[in-house]
Structure formats: structure tokens, C-alpha cells
Amino acid sequence: MSDWALIIYCGLITFLTRFSMIAILKKEMFNDKIREVLSYVPSAIFPAIIFPAIFLENDELIHLENNPKILAAMIAMGVGIFSRSILATIFSGLASYWFLIFVV
Amino acid sequence: MKTNFKIFLKGLIDVSPLMIPVVPFGLIFGILAIDIGFSPLATMGMSLIIFGGASQIVLLQLFSGGASSLVIISSVGAVNSRHLLYGAVVSEHVSDLKLFWKIIISYFLIDQAFARSNEYFKKNNHKNKYYHLIGGGVTCWVIWQTTTFLGIILGSAIPEKLGLSFAVPLTFLALLVNDFRKIINVIVIITSGLVSTFGYNYIPYKAYVIVAALTGLLIAIILTKIIKK
């Protein structure tokens, strides 16, 4: 398969995952119960991207010692809980990460 | 009712803090793609056609590892399966729109715009509220294309030591700031995190994202039932 065919197929499948539910579901299908469960969607999905990126190294093994990402992420989370600010969370995370790898 | 443009701008403003980490993410993507051997045109093509950071990074990772096209496409599908859930959440708010707008909205239904517009949709109920998602999506689109382009041009001038890839999990962490205070959410977050981390190497076809998400949702359903009684 050529690079372009691969890119177009990946684009199509990405679009279809975004489009299919919007195209299929109708307003009448929703009730409070479904709405409540759907409100947990971000909490259920985002950690699946966050955790492996923090805890797994390039060799795909779990990496707990000498891993500045863990402490930096915890600082960012703490700042996030108290400030409720997206900006403060991101900045404190990046700043503490750089502090840990360049200064400590 | 607010004008379409005002709602578009509100979407732009709401999503903009989340755009800061998109800058290094886009740069990294551009640099990596060239490094792996894609042409500058194909690299730009990926950002224009796919327009999804996680999908594009997965594509690069598997491509450089020599995976077959079928594995690459199905893995991109698996990583993207979270969009099925976003679509399910958003569909309630856009179900009265014409097909044309549903297609446009689907193209712009990315993590950041979804997270911010979902909050907006819950609080607002005017007919043209979908402009909020388009505002957020277009903002991210412009930044994603620009930074991909800069990554292609700058290439190895940016030191790997900066650890810019850490900006990716940080973005998603920031999207959860309002959920850390609620006990059910915290349990769901920990469950999903553990399943994805430990399942990463064992769940085939990079399906760990959707397996972890569904496990988390299942826990959420059980907990809401127990606590409500």
C-alpha cells in the first residue's frame, strides 16, 4: 500500500469514528441515566492516554524509578485540583518536569 | 440569542489554554514524520486528512516498527474508538442539524474541542451552540497545521532533550481538573489508568485505550447504582 493510500484510509477511519454516532443517534434515545453514564466518558478515556505516557518507557516496560514524569504529573495534578485552571496545570507540569531533568 | 460569531469566539477562547501543549505536540509530529522517512507533502497530508494527534503518532510508531497496513489502520481505529463515545455525547446536541453540519462537526470533533464544548453544551441551550465546537476545532486546526509545518522545516534543530512529548499526557491531565474532586470520577480515572498501563503490552491491536475506557465506564455504572440506592 502506498503512503498516500495508508494516510487516506487512516483519515477515513478517524472521520468515521467521529461521524458514526453523530449520524446514527437521535435525541429521543437519550434519558437522564444515559446522560449520567456519558458524563463519565472523559474520566474513563483520558487516563488511558495519560497513564501509559507517564509510566511506560520506550521499551514499553513499566518505569517507576528515576522517572521525573511521575512527580511532575503529580505536581500538575495537585495544582489542577486547587486552581481548577487548565493553564496552571499545564505550566506547573512542564515547569516541574524541566526543573527535575535540568536542575535536580 | 447570541450571534454565531460570538459563540464561535467563545469556543476559540475556551479552547485556547489547551492549545499551548498542542504546539510542541505538532512540532514533534512534524519532526518525527520526516525522521521516519515521510515526504514533507505526505506529512502535511497526514495532518490535513487525519487531523488527530494521537492517531497520527500511532501511525508513525507502527509504520517505523514495520507493521502492516492492516495493523496500522486497525490500530488507528482502536485509538480513535474514543471518538465513538464523544460522538454519542455530542449527538444529542446536534441531532437537529443538517448532514452538512454534522460532517463539519465530525471533522472538528477532537479531544480538546469536545471537552470544552461538552461543558458549554451542558450549560447553554440555544440552537446555534454548535458554533462553539467549530470555534474550538478551527482554532486547534490552525495551530496543528502550522506546527506540523514548522516541525517539518525546523526538524532536528529542536533538541530531543527538552522532553516535549511530556506535553501530550499533560494536556489530557489538564482536561480532567474538574473531575479530581469527585469520588466516582477518581475511581474511574484510576481504574482506566491501571487497565491501560498494565494492558498496554497484552491487549492486541493497541485496543488498550477502548478496553480501559469501557472498564472505567462499567465501574461508573456500577458505582452510580450503588451510591444512588
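Within segment A:61-104, which residues are at positive phi and surrounded by 18 or more Cβ atoms within 10 Å (Cβ to Cβ)?
Of everything in segment A:61-104, nothing turns out to be at positive phi and surrounded by 18 or more Cβ atoms within 10 Å (Cβ to Cβ).
Between B:Phe51, B:Phe63, which is modelled with pLDDT of 90 or more, at the interface with another protein chain (Cβ under 10 Å from one of its Cβ atoms) and surrounded by fewer than 24 Cβ atoms within 10 Å (Cβ to Cβ)?
None of the others qualify; the one that does is B:Phe51.
Among the candidates B:Thr191, B:Thr171, B:Thr215, which residue alone is in contact with a Leu (Cβ under 7 Å, 6 or more places away or on another chain), touching a residue at least 12 places away in the same chain (Cβ under 8 Å) and either more than 7 Å from every other protein chain (Cβ to nearest Cβ) or buried (at least 17 other Cβ atoms within 10 Å of the Cβ) (or both)?
B:Thr171
Looking only at segment A:57-64, decide whether some residue is under 24 Å from B:Asp179 (Cβ atoms), modelled with pLDDT under 90 and either part of a helix (DSSP H, G or I) or more than 8 Å from chain B (Cβ to nearest Cβ) (or both).
No.
Please specify each residue of segment A:6-44 satisfying the condition of being farther than 17 Å from B:Gly53 by Cα, assigned to a helix (DSSP H, G or I) and among the small types (Gly, Ala, Ser).
A:Ser20, A:Ala23, A:Ser43, A:Ala44
Go through segment B:19-111 and tell me which helices (runs of 4 or more DSSP H), entirely inside it, have 1 or more residues that are among the hydroxyl-bearing types (Ser, Thr, Tyr) and either touching a residue at least 24 places away in the same chain (Cβ under 8 Å) or not assigned by TED's automatic domain parsing to the domain that holds B:Gly136 (or both).
The qualifying helices (runs of 4 or more DSSP H) are B:40-49, B:53-64, B:69-80, B:82-94, B:99-107.
Which of the residues belonging to segment A:1-22 are closer than 15 Å to B:Leu85 by Cβ and within 7 Å of another protein chain (Cβ to nearest Cβ)?
If the condition is that a residue be closer than 15 Å to B:Leu85 by Cβ and within 7 Å of another protein chain (Cβ to nearest Cβ), then A:Thr14, A:Thr17, A:Arg18, A:Phe19, A:Ser20, A:Met21, A:Ile22 are the ones that fit.
Scan segment B:124-145 for residues that are surrounded by fewer than 16 Cβ atoms within 10 Å (Cβ to Cβ) and under 18 Å from the mean Cα position of the chain (by Cα) and report the count.
The number of residues fulfilling the criteria is 2.
Read through the list (1) under 20 Å from the mean Cα position of the chain (by Cα); (2) more than 12 Å from chain A (Cβ to nearest Cβ); (3) more than 20 Å from B:Ile49 (Cβ to Cβ), then give the number of the only condition that B:Phe121 fails.
Tallying (1) under 20 Å from the mean Cα position of the chain (by Cα); (2) more than 12 Å from chain A (Cβ to nearest Cβ); (3) more than 20 Å from B:Ile49 (Cβ to Cβ), B:Phe121 fails exactly one: (2).
So which pairs qualify, if the first residue must be in segment A:81-104 and more than 9 Å from chain B (Cβ to nearest Cβ), the second must be basic (Lys, Arg) and surrounded by 15 or more Cβ atoms within 10 Å (Cβ to Cβ), the Cβ gap must be under 9 Å, and the two must be at least 6 apart or on different chains?
A:Leu100/A:Lys69
Within segment A:14-47, track down each residue that is within 19 Å of B:Lys123 (Cβ to Cβ) and among the charged types (D, E, K, R).
Answer for segment A:14-47, where residues must be within 19 Å of B:Lys123 (Cβ to Cβ) and among the charged types (D, E, K, R): A:Lys27, A:Asp32, A:Arg35, A:Glu36.
Kindly indicate whether any position in segment A:67-90 is small (Gly, Ala, Ser) and part of a loop (DSSP other than H, G, I, E, B).
Within segment A:67-90, one or more residues are small (Gly, Ala, Ser) and part of a loop (DSSP other than H, G, I, E, B).
The values are calculated or read from the model by the stated rules, or taken from the named source; none is laboratory data. Remember, it's a predicted structure, so these values are computed and weren't measured experimentally. Here the Cβ is made from the backbone with ideal geometry for all residues, glycine too, and neighbour counts use every protein chain on show.
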